[in-house]
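Asks: Questions regarding the structure given below will be posed in turn.
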Amino acid sequence: MTDRIFNFSAGPAVLPEPVLKKAQEAIWNVAGSGIGIMEHSHRGKVFDRIRDQAEQNCRELAGISNDYTILFLQGGASLQFSMVPMNLLPADRTADFLVTGVWSQKAVKEVKVLGRKVHVAATGEASNFDRIPTTGEIKYSDRPAYVHLTTNNTIYGTQWAVEPAVPAGVPLVADTSSDMYSRPIDVSKYGLIYAGAQKNLGPAGVVLVIIRNELLEVGPKDLPTMLQYRTHAGEQSLYNTPPTFGIYVMGEVFNWIKAQGGLGAMAEHNGSKAALLYDYLDASDFFRAVAQPGSRSLMNVCFRGPTEELENKFISEATKRGLDGLKGHRNAGGMRASIYNACPRAAVESLVAFMKEFERANRGAAVRA
Ligand SMILES: *Cc1c(COP(=O)(O)O)cnc(C)c1O
């Protein structure tokens, strides 16, 4: 595909090309209906099938049991920062947070906006979030209503390798926006999982929520209707007009993951892409990885160059080579290569080849600096 370049954007991010091709057709005429996906009533049979199939594929990929309800909502992961405590955190209880970056901090902030109690059970702030807390560093409060974690830290490039242990009977709530379905996930360990689609699952505008059925009814009934999980669960995400196009694309992304061999195959593909980059970074004395070994994200690889000037030069020359979206988040600086599920191995190979070339050409400038 010569008309597309390699896109390392953190989100919205690269989507699988076969999905884009299929979506192009579906915008015109979906499932032979003579009507495009964006033009169908959300109350019709055609969309019903699309929604049901998306849910079924979602369940199949991670073996999600009927003890869980799958919702397709709006408002992004950011609305879940509020909706989770509104529904799951009574005024006399505390929510425990594992703070591993900006997104966890924002989730904490929204609990405080509601006037509810937060306990920070661990935070990586002291080392600028360059690693995931160790088990010994986590101190839970007495009987928290839930424990919240961010599985992958999109901005600082760290990722939980495995879920932390939580006190018995306490629901684990996870923001999995930037690594959902990048590897196998045991949903039965969680009370609630939420993921904005635009990193690994589809277009912006839809957020996937997987919630254990027993948590659907714990929220107060005097919340605004749209902010109660029970509203959406009772109507199969069709209480109001859902983001129909986003749900369609997400369903096709699930299909694509299945065709690749499922979540195990995704993990292998992602692990080998990330290893290409980290191995080079560890061997280089020009570039260096930011995240500490053991905490490194397979989705967002953050790295630095010798000077800010050389970093800017690197980013601008890379862009000219068709390697786009490599500038780090403004909070972190440096560079970030987001290499989600749909990022082909060839993109990472091209990036590493260019980094080697840039290193050779600019080593002298680095030594002088
Ligand atoms: C991008 C991101 C968010 C914010 O998602 P929105 O859909 O923009 O609200 C939240 N959490 C994580 C981990 C993210 O990567």
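The values are calculated or read from the model by the stated rules, or taken from the named source; none is laboratory data. Here the structure is a predicted model, which is why all the values come from computation and not from measurement. All Cβ positions, glycine included, derive from the backbone under ideal geometry; neighbour counts span all protein chains shown.
Asks: Checking G115 against (1) outside any helix (DSSP H, G or I); (2) at negative phi, which test does it fail?
Replies: It is condition (2) that G115 fails.
Asks: The conditions are (1) in the same structural domain as G251 (by TED's automatic domain parsing); (2) under 24 Å from the mean Cα position of the chain (by Cα), and A10 fails exactly one of them. Which is it?
Replies: Condition not satisfied by A10: (1).
Asks: Select from the range 3-46 the residues that are aromatic (F, W, Y) and touching a Leu at 6+ places or on another chain (Cβ under 9 Å) and write down the one among them that is nearest to S237 (Cα to Cα).
Replies: F8
Asks: Here's a follow-up. For D186, state whether it is of a type in the set (D, E, K, R), closer than 17 Å to S65 by Cα and under 18 Å from the mean Cα position of the chain (by Cα).
Replies: Yes; evaluated as a whole, the condition is true for this residue.
Asks: Continuing with this model, one more query. Quick check: is even one residue across the range 239-256 assigned by TED's automatic domain parsing to the domain that holds G76, farther than 24 Å from T150 by Cα, assigned to a loop (DSSP other than H, G, I, E, B) and under 23 Å from the mean Cα position of the chain (by Cα)?
Replies: Within the range 239-256 (the criterion being assigned by TED's automatic domain parsing to the domain that holds G76, farther than 24 Å from T150 by Cα, assigned to a loop (DSSP other than H, G, I, E, B) and under 23 Å from the mean Cα position of the chain (by Cα)), the answer is yes, since at least one residue qualifies.
Asks: I've got another one for you. Within the bounds of the range 190-211, is there any residue that is buried (at least 19 other Cβ atoms within 10 Å of the Cβ), aliphatic (A, V, I, L, M) and away from the ligand (no atom under 15 Å from the Cβ)?
Replies: The answer is yes; a qualifying residue exists.
Asks: Can you tell me which of Y239, Y278, Y229, Y248 is among the aromatic types (F, W, Y), out of contact with any helix residue (DSSP H, G or I) (no Cβ under 6 Å at 6 or more places or on another chain) and modelled with pLDDT of 95 or more?
Replies: Answer to the check: Y278.
Asks: If I ask for residues that are part of a loop (DSSP other than H, G, I, E, B) and either under 14 Å from the mean Cα position of the chain (by Cα) or among the hydrophobic types (A, V, I, L, M, F, W, C) (or both), which ones from the range 190-204 would you list?
Replies: Across the range 190-204, the qualifying residues are A197, Q198, K199, N200, L201, G202, P203, A204.
Asks: Starting from residues that are out of contact with any Ser or Thr (no Cβ under 6 Å at 6 or more places or on another chain), among the polar types (S, T, N, Q) and more than 26 Å from G11 (Cβ to Cβ), keep the ones in the range 53-96 and report whichever is surrounded by the most Cβ atoms within 10 Å (Cβ to Cβ).
Replies: Within the range 53-96, the match that is surrounded by the most Cβ atoms within 10 Å (Cβ to Cβ) is S65.
Asks: Does A233 fit the bill of being within 24 Å of W103 (Cα to Cα), out of contact with any Phe, Trp or Tyr (no Cβ under 6 Å at 6 or more places or on another chain) and not hydroxyl-bearing (S, T, Y)?
Replies: no
Asks: Being surrounded by 14 or more Cβ atoms within 10 Å (Cβ to Cβ) and not in a helix (DSSP H, G or I) is the filter here, so list the residues in the range 212-227 that pass it.
Replies: R212, L216, V218, G219, L223 - these are the residues of the range 212-227 that are surrounded by 14 or more Cβ atoms within 10 Å (Cβ to Cβ) and not in a helix (DSSP H, G or I).
Asks: Search the range 128-173 for residues being without any contact (Cβ under 8 Å) to a residue 24 or more places away in the chain and closer than 17 Å to P293 by Cα, and hand back the single one that is nearest to the chain's Cα centre (by Cα).
Replies: V162
Asks: Next question. Show me the helices (runs of 4 or more DSSP H) entirely contained within the range 1-97 in which 1 or more residues are within 16 Å of the ligand (Cβ to nearest atom) and within 16 Å of L192 (Cβ to Cβ).
Replies: The qualifying helices (runs of 4 or more DSSP H) are 76-88.
Asks: Among residues belonging to the range 160-189 that are part of a strand (DSSP E or B) and either more than 10 Å from the ligand (Cβ to nearest atom) or basic (K, R) (or both), point out the one that is surrounded by the fewest Cβ atoms within 10 Å (Cβ to Cβ).
Replies: For the range 160-189, the residue satisfying everything is L172.
Asks: While we're here: Could you check, for the range 319-329, whether at least one of its residues is part of a helix (DSSP H, G or I) and more than 30 Å from C58 (Cβ to Cβ)?
Replies: Looking for residues that are part of a helix (DSSP H, G or I) and more than 30 Å from C58 (Cβ to Cβ), one finds at least one in the range 319-329, hence yes.
Asks: Do the conditions hold for E359, that is, is it over 30 Å from K258 (Cβ atoms), acidic (D, E) and in contact with a Ser or Thr (Cβ under 8 Å, 6 or more places away or on another chain)?
Replies: So E359 fits the description; yes.
Asks: May I ask you to list pairs of residues, at least six apart or on different chains, whose Cβ atoms are under 6 Å apart, with the first in the range 237-263 being without any contact (Cβ under 8 Å) to a residue 60 or more places away in the chain and under 14 Å from R49 (Cα atoms) and the second being of a type in the set (A, V, I, L, M) and surrounded by fewer than 18 Cβ atoms within 10 Å (Cβ to Cβ)?
Replies: Correct list of pairs: empty, since none qualify.
Asks: If I ask for residues that are crowded, with 21+ Cβ neighbours inside 10 Å and either in the same structural domain as L61 (by TED's automatic domain parsing) or not aromatic (F, W, Y) (or both), which ones from the range 290-321 would you list?
Replies: Of everything in the range 290-321, those that are crowded, with 21+ Cβ neighbours inside 10 Å and either in the same structural domain as L61 (by TED's automatic domain parsing) or not aromatic (F, W, Y) (or both) turn out to be V290, A291, S295, R296, S297, L298, M299, N300, V301, C302, G305, A318.
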